[in-house]
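Quick notes on the structure that follows.
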Amino acid sequence: MPDWKKSVVSRNATVGDAIKTIDEGGFEICLVVDDEDGLLGTITDGDVRRGLLSGVGFDNLASGIMSGRPVVASPKFDSTALLEKMNAMLLRQIPLLNDEGRVVGLVHLRDLAPPLTVRNNLVVLMAGGLGSRLHPLTEDTPKPLLPVGNKPLLETILETFVQQNFHNFYISVKYKAEMIKQYFGDGGAWGAGIQYLEEDSQLGTAGALQLIQERPQSPIIVMNGDVLTRVNFQHLIAFHEEHNARATMCVREYDFQVPFGVVGVEGQTITHIDEKPIHRFFVNAGVYVLDPEMIDLVPEDRRFDMPALFEAIIAGGHQTAAFPIHEYWMDVGHIDDLQQAKTEYNTIFPS
């Protein structure tokens, strides 16, 4: 069991400190305390992502995104009482406070109830592209099978999902499809079930979804087959459901600095000068969650990409959500990206 004290930060901690604590503490939460270990508030993964969407930076104080009135319990509660309280209030964690209001423990739901062994959500991995930006490496090997670390790129993606209890997969294939199918087979070697969506022509990043014969009963994850990430996909599904979204797109913050002073002008008059401003955007990270009904918006037998699908979903008046990624993320689209992924692999994906 993780040490709960590793999930505690001081009132002076930054958002970046909180993210690191949540990722490494083992309880998926951060407790903000004063100098006497009194609980000031809690920060969850959801709090972090809402803060990022609202423009909060990594250097801002974590207390600015914390929940200042968290639900707590007494260390005198037994496991049954804690479980009942957490289930009644839909909590995954609960801090334990003594009579003086000091933190003396932290309980996670998984320690009170056995976790689900299998996630029924379907995962669709898009692996049919030509990988032309990685020529000449992809002339003989499809991009999903290019080695990163000691295994093919797509194998790391598959293993990441399996480690998080996802076991039901479709892989879309076109370019050198037989090589991919021969390598992964039915997925049994990874404790997974794999079926294939075989494209007769290049169908883009969403078109292959129409090849799914039987509509799933729960939200599906769709992910480009050239993305390496440490996103918690359990959190992604929960975020999608909590926001009543029909479609959720993972987004990544992208900064662009103008290398000159930007001059504001009204008519012929200079109103201000902004020296080398930094513009921040959210960009598409190539990971999505879709309610099954949204597949019906994908046209048959022609190329169709995910941005076009989201435009159709928005035009139809359906609820969408953006899930900001603060974890490791790398789009292995170019030679330089591939080399960087190889350099970082053993640190990010330790064996």
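Readers should treat all values here as calculations from the given coordinates under stated rules, not as data from a laboratory. Since we're looking at a predicted model, the values are computed, not measured. Using ideal geometry, Cβ is built from the backbone for each residue, glycine included, and neighbour counts are taken over all protein chains shown.
Say each of Phe77 and Glu178 gets a label point 7 Å from the Cα, pointing the same way as Cα to Cβ; how far apart are those two points in nm?
If labels sit at Phe77 and Glu178, their model points lie 6.0 nm apart.
Which pairs in the list Lys20/Lys181; Lys276/Lys342; Lys6/Lys342; Lys6/Lys85; Lys5/Lys151; Lys5/Lys76 are over 26 Å apart, alpha-carbon to alpha-carbon?
Lys20/Lys181; Lys276/Lys342; Lys6/Lys342; Lys5/Lys151
If you line up the long axis of helix 335-348 against the longest principal axis of the chain, both from Cα atoms, how many degrees apart are they, to the nearest 10?
Helix 335-348 sits roughly 40 degrees off the main axis of the chain.
Normalised by the number of residues in the chain, what is the relative contact order in percent for Cα pairs under 8 Å and 6+ residues apart?
Answer for the chain is 14 percent.
Across region 3-20, in residue order, what do the Karplus-derived ³J(HN,Hα) couplings come to in whole Hz, using 6.51 cos²θ - 1.76 cosθ + 1.60 with θ = phi - 60° and x for Gly and Pro?
Each residue of region 3-20 in turn: 7, 4, 5, 6, 9, 9, 10, 7, 5, 8, 5, 8, 4, x, 4, 5, 4, 4 Hz.
GNM, the chain, Cα, under 10 Å: largest mean-square fluctuation among Asp99, Asp37, Asp200?
Judging by the Gaussian network model, the answer is Asp99.
List, in order, the whole-Hz ³J(HN,Hα) value for each residue of region 198-214 obtained from phi through the Karplus relation with A = 6.51, B = -1.76, C = 1.60 and θ = phi - 60°; use x for Gly and Pro.
8, 8, 6, 9, 5, 9, x, 8, 10, x, 5, 4, 5, 7, 5, 6, 10
Quick one: 3J(HN,Hα) in Hz for region 102-112, Karplus 6.51/-1.76/1.60 with θ = phi - 60°, rounded, Gly and Pro as x.
8, 6, 10, x, 8, 10, 10, 4, 4, 7, 10
Just for the chain, what percent of DSSP beta bridges are antiparallel, to the closest 5?
Taking every DSSP beta bridge with both residues in the chain, the antiparallel ones total about 60 percent.
Give the relative contact order (percent, whole number) for region 4-111; include only Cα pairs under 8 Å separated by 6+ residues.
25 percent
Springs between alpha-carbon atoms under 10 Å, Gaussian network over the chain: tell me which of Val265, Val289, Val15 tops the mean-square fluctuations.
In this elastic network of the chain, the residue with the biggest mean-square fluctuation among Val265, Val289, Val15 is Val265.
Report, in deg cm²/dmol and to the nearest 500, the calculated mean residue ellipticity at 222 nm for the chain, where each DSSP H run with n ≥ 4 adds -39500 (n - 2.57) and the sum is divided by the residue count.
Helix contribution divided over all residues of the chain: -7000 deg cm²/dmol.
Only bridges whose two residues both fall in region 86-203 count here: according to DSSP, what percent of them are antiparallel, nearest 5?
35 percent
Which one is right for this structure if Kirkwood radius over Cα pairs in Å is calculated from it: (1) 20.5; (2) 21.8; (3) 22.5?
Answer label, from the structure shown: (3).
Could you pull out which residues in region 149-185 have an amide N less than 15 Å from a spot 7 Å beyond the Cα of Gln213, following the Cα-Cβ vector?
Label zone hits: 170-171.
How would you rank Glu159, Glu293, going from fewest to most other Cβ atoms within 10 Å of each one's own Cβ?
Glu293, Glu159
How far is helix 79-88 tilted, in degrees, relative to the longest principal axis of the Cα atoms in the chain, given as a value from 0 to 90 rounded to the nearest 10?
60 degrees
What is the Cα convex hull volume of region 156-218 when expressed per residue in Å³?
Once divided by residue count, the hull of region 156-218 is 104 Å³.
Each label point is 7 Å from the Cα along the Cα-to-Cβ direction; what then is the distance between the points at Asn60 and Thr343, in nm?
3.1 nm
Which residue, Phe281, Phe239, Phe184, has the most motion in a Gaussian network model of the chain that connects Cα atoms within less than 10 Å?
Between Phe281, Phe239, Phe184, it is Phe281 that shows the largest mean-square fluctuation.
Pulled fully out, how much extra length does the chain show between Val162 and Ala113, if you take 0.36 nm times their separation in residues and subtract their Cα-Cα distance?
That works out to 15.6 nm of additional length.
If you line up the long axis of helix 306-315 against the longest principal axis of the chain, both from Cα atoms, how many degrees apart are they, to the nearest 10?
Roughly 70 degrees, rounded to the nearest 10.
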